[in-house]
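Data first, discussion second: the structure below is written as structure tokens.
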Amino acid sequence: MIRKIILLLSLFLAVTVAAQDIDPDLLTIKQRMDSIEEFRAHLTLDLDVSFINMPTKTADMHYRKDKPVKFSSDDFVLIPKRGLDFSMNELLKYSFITVDRGVVEKDGSVYKVINVIPTDKKADFAIATLLLDTLNQRIVESEINTKKDGSYTLAMQYANTDMILPELVVVSFEITRIKIPLNYMGKGTEVDKEELKLDGPKTGKIILQISNYKIVYSGE
Amino acid sequence: MRALIAAEIYKLLRQGKTYFALAAIFLIEGVILISAYYQGSNIIDILLDNLKQSFYFEGNLLNGNLLIYLILNTLWFHVPLILMIIISGILTSEYKDGTIQTVMLQPVSKWKFLLSKYIVAIIFTLIVVFFLALTSFGLSYSIFGFGDLIVYLDTLNFFSSSEAFYRLSWSFASGAVSMVFFSIVSLTLAVIFKEATKTWIIAAFFLILSNLLLKVDFGNYWVNRLFFVKLNDTWQYLFYTEIDWSGIYWNNLLLIIYSMIFIAFGLYLFNKKDIG
């Protein structure tokens, strides 16, 4: 009897999972993204974190499929660990399912909203919400909840309707306030006890302007 | 007056402790550079530990500008203390050796004699700060190279290399005014106490107290704004993102006025007191 129940449950689960298709629009976008073998681009970075004052920085980036992104700069640059995966290669690397969340209107355009839920334990995020521009076959916004590093959002703008990679990306992320060892503090440093008490994670933004794309597509 | 100033410079250059003290300043500079060479990356790591969770770092922050900033921070205590010992010594040694009585037997006015010491003290202090700046720029850039400067003043402030050079240079200039103030105070203390050890202890106490009171809120805007202990961190203003130039001008002007008051007070006391 128990065996029969287990068998029935297994069949039910298998049918349920099979019913969770991957969104066809996302698959189209993924195929388009997968066609990028590598690209080089010039980055302009503006950091917007309440407790960090940093001038605008520039860097060059080099992306190659399935390889870590490389950066080079003459200056000291803080490069966000999250949010530079414009190709969404990392996000869609392991098996996943999608859930259709309908549509949303934003800035006069209608976008499809889907949740991406990984089914492979190796994926480092728990759930992602993507806004898809189905007309131009690209992602315009994503909110990714990671397993270890909190959540972050990416808002992307594109130079024209054909472009697959963004020209402007705003990465919003959570960041804990710096705890400076006392012996490094200058005497001019004020310690605001009230602020320290209220201290929790802060939201930071990094605004990336990307230019001079040199994209190599597979088969080229 | 010129002859008196020349004589004072000669005496300053002839006394051994001048060179010991100068060697001490440059030894401190050397220790900072050597320790940074071997342990400097640890400081940066601690400072940026929280940021490592969110960012990759591209570039090197352990560079000449950071080292110059660390050397600049000796203006809080090390440099003024050493300057106060040397400067007070130019009068206390005269009392100790009895040469002051010999000088006063000559047709030399008392105020001119002391004023020449104040002038030499100012010149000497400016030269020391200038050489400290020159050697710190020269050694730090040649060993550690150029790069962005990172400073923590309420917020984590980053400055490009050229911006850092500009700010560090002005900071040394502003710091020189503060150092001149402490030198003048030490000479005035020498007029009061005459004896070297007493003067050194009181001078060190004055310096420590000034540093402690810098952080004290006196509860009155004008006291907080005008009291001399509140003016000695002006050279740090250069490392806020927005430079408060008017604050820097006013604070330095006030420090110069305080220095003149201490000179006038020293001259008054010296004229009034008996030599011996």
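The values are calculated or read from the model by the stated rules, or taken from the named source; none is laboratory data. Note that this is a predicted model, so its numbers are computed, not measured. Every residue, glycine as well, gets a Cβ built from its backbone with ideal geometry; the counts of neighbours run over all protein chains shown. Surface areas here come from the heavy atoms of the whole protein model, side chains and all, with no ligands, DNA or RNA. Shrake-Rupley method; radii C 1.70, N 1.55, O 1.52, S 1.80 Å.
Here are the numbers for this structure:
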{"quantity": "Part-to-part distance (alpha-carbon centres) for region A:136-180 and region A:71-122, which is given in Å", "calculated": "7 Å"}
{"quantity": "Segment B:Ile119-B:Ala23, length gained on full extension (0.36 nm per residue, minus Cα span)", "calculated": "32.3 nm"}
{"quantity": "Eligible aspartates and glutamates near B:Lys110 by straight Cα distance, threshold 15 Å, same-chain separation 8 or greater", "calculated": "B:Glu8, B:Glu94, B:Asp274"}
{"quantity": "Heavy atoms of B:Tyr258: accessible area, 1.4 Å probe, square angstrom to 10", "calculated": "50 Å²"}
{"quantity": "Within-15-Å neighbourhood charge of B:Val223 [Cβ basis; K, R +1; D, E -1]", "calculated": "+2"}
{"quantity": "Greater than 19 Å apart at Cα, pairs in A:Lys81/A:Lys106; A:Lys93/A:Lys147; A:Lys81/A:Lys205; A:Lys30/A:Lys67", "calculated": "A:Lys81/A:Lys106"}
{"quantity": "Residues with amide H under 5 Å from that of A:Thr134, placed H, sequence gap 5 or more", "calculated": "A:Lys112"}
{"quantity": "Neighbourhood charge, 14 Å Cβ-Cβ cut-off, centred on B:Tyr258 and excluding it, Lys, Arg +1 and Asp, Glu -1", "calculated": "+2"}
{"quantity": "Region B:42-105-region B:199-276 distance, computed between alpha-carbon centres (Å)", "calculated": "17 Å"}
{"quantity": "About the Cα centre, charge dipole magnitude for region B:69-214 (Lys/Arg +1, Asp/Glu -1 at Cβ), debye", "calculated": "540 debye"}
{"quantity": "Per-pair calculated FRET efficiency, R0 = 45 Å: B:Ser169 and A:Lys65 via Cβ, rounded to 0.05", "calculated": "0.40"}
{"quantity": "Relative contact order (percent, whole number), chain B, Cα cutoff 8 Å, 6+ residue spacing", "calculated": "26 percent"}
{"quantity": "Cα gyration tensor shape for region A:23-66, rounded if a/c is under 1.5, else prolate or oblate", "calculated": "oblate"}
{"quantity": "Over chain B: helical MRE at 222 nm, DSSP H runs n ≥ 4 each giving -39500 (n - 2.57), nearest 500", "calculated": "-25500 deg cm²/dmol"}
{"quantity": "Surrounding net charge for B:Phe146, when Lys and Arg each add one and Asp and Glu each subtract one, Cβ distance under 11 Å", "calculated": "-3"}
{"quantity": "Shape call, the protein assembly as shown: gyration tensor on alpha carbons, a/c limit 1.5", "calculated": "prolate"}
{"quantity": "A:Met88 long-range amide H proximity, modeled H, under 5 Å", "calculated": "none"}
{"quantity": "Where labels lie 7 Å past Cα in the beta-carbon direction, separation of B:Arg14 and A:Ser72 in nm", "calculated": "6.3 nm"}
{"quantity": "Placed amide H near B:Lys194: partners under 5 Å, 5+ positions off or other chain", "calculated": "none"}
{"quantity": "B:Glu195-B:Ala3 FRET efficiency (beta carbon distance; Förster radius 22 Å; 0.05 resolution)", "calculated": "0.20"}
